[in-house]
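Below is one structure; the comments refer to it alone.
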Amino acid sequence: MNFGYRETCLRHDTGRRHPESPDRLRAIRRALTECHGVEYVAADDADLERIHAVHDEEYVDAFETFCERGGGNWDADTVASEDSWDAALASAGLAEWAAQEAVDGADGRDTPFSLGRPPGHHALKDDGMGFCFFNNAAVAAQSAIDAGDVERVAIFDWDVHHGNGTQDIFYDQGDVFYVSIHEDGLYPATGDIDETGDGNGEGTTMHIPFPPGASGTAYLAAVTELIGPAMAAFDPDLFIVSAGFDAHEHDPISRMHISTEGYGRLTDAVRTITDDVDAALAFVLEGGYGLDTLSDSVHMVHEVFDGYQPAPDDGDVSEDAQEVLQAVQEQGFDGL
């Protein structure tokens, strides 16, 4: 794979013991040193025009001023430093790069993956939260649409937390389909099944809120039984994975049970969907807070694109997870 990476993102200082630390990127880089075919690209910052396309200018200005004054706690969980402004612009630019590379034809072993921080999927139109300031995947999606490179974009958020910010930005927008699999009730306690979009965006938001303890088998069933048919109906030109790895069975802040091999199966299933609908595919890093599990999982995604075939899944979908799948199915997403 080709990975977007900037040292600037390491300078976003969240303080001691904060789970979203520069060590996350360092761990990923270490894990990828043993991999064949890894390339790194230092993409440009996102232009403010691109940031303003998804975030209110007043909020963007307030965040810049906050960083210029030295930063601090934006809220109880979300921390910035003086260098966080530059890191956020770099992280959004890396996501833009990944989307553009995919649209320009990078696939297979050249599939792009943006390794930026701060992450983005909790960032609302007018506020930062959940460790996020600029919504990187949203910036990338809207940039591709505004440039005229694509007409429709799908964003699949497999981070264990619901990407309330991405939903907020695109909820009434019919050219972006947002789908999230997340742990029900976990921060920020949003993302209900019956929230399916509004206005022009009706039917282009899909939430799959699995109960705590859901397995990789349940995730795989969601991709094949729900997301695949919805994508066949929506027919996106670009498919962005908001790739958080905090649903890993050993992640310290969640209770889901995806194994590292399970992320390989999930990656392979996503690749199959994008091949079927002829969509460009890009990955944008979100969460993942166990350094070993995060780095192993990103390593696994790379290995799948380098030819590794994950072991077949032989698990079962629990009854409560199956009930969630059925409830989402009843929303009728395959009939867009």
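Could you count how many residues in segment 207-226 are of a type in the set (Ser, Thr, Tyr) and free of Cβ contacts under 8 Å to residues at least 60 places away in the same chain? Talk me through it step by step, then tell me what you get.
Kept after step one, since they are of a type in the set (Ser, Thr, Tyr), are these residues of segment 207-226: 215, 217, 219, 224.
In the following step, the residues that additionally are free of Cβ contacts under 8 Å to residues at least 60 places away in the same chain were identified as 224.
Adding up the residues that qualify gives 1.
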*So Trp85, is it among the aromatic types (Phe, Trp, Tyr), surrounded by 13 or more Cβ atoms within 10 Å (Cβ to Cβ), within 30 Å of Glu303 (Cβ to Cβ) and modelled with pLDDT of 95 or more*: no
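Residues Thr8, Thr65: which one is within 29 Å of Asp168 (Cα to Cα), β-branched (Val, Ile, Thr) and surrounded by 18 or more Cβ atoms within 10 Å (Cβ to Cβ)?
Numbers: Thr65 fails: surrounded by 18 or more Cβ atoms within 10 Å (Cβ to Cβ).
That would be Thr8, the only listed residue that is within 29 Å of Asp168 (Cα to Cα), β-branched (Val, Ile, Thr) and surrounded by 18 or more Cβ atoms within 10 Å (Cβ to Cβ).
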*Please report, ordered by residue number, the helices (runs of 4 or more DSSP H) entirely within segment 12-100 with at least 1 residues that are of a type in the set (D, E, K, R) and in contact with a strand residue (DSSP E or B) (Cβ under 6 Å, 6 or more places away or on another chain).*
none
*Can you confirm whether segment 141-156 contains a residue that is modelled with pLDDT of 95 or more, surrounded by 24 or more Cβ atoms within 10 Å (Cβ to Cβ) and in a loop (DSSP other than H, G, I, E, B)?*
no
*asked:* Pairs please, first residue from segment 163-176 and aromatic (Phe, Trp, Tyr), second anywhere and in a helix (DSSP H, G or I) and surrounded by fewer than 20 Cβ atoms within 10 Å (Cβ to Cβ), Cβ atoms under 8 Å, 6+ apart in sequence or on different chains.
replied: Phe170/Gly201; Tyr171/Gly201
*Would you check if there is a residue in segment 118-138 being in a strand (DSSP E or B), in contact (Cβ under 8 Å) with a residue 12 or more places away in the chain and of a type in the set (D, E, K, R)?*
yes
*Considering segment 169-199 alone, what residues qualify as being touching a helix residue (DSSP H, G or I) at 6+ places or on another chain (Cβ under 9 Å) and in a helix (DSSP H, G or I)?*
Ile169, Phe170
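The values are calculated or read from the model by the stated rules, or taken from the named source; none is laboratory data. A quick note: this is a predicted structure, and the numbers were derived from the prediction, not measured. Neighbour counts run over all protein chains shown; Cβ positions are idealised from the backbone, glycine included.
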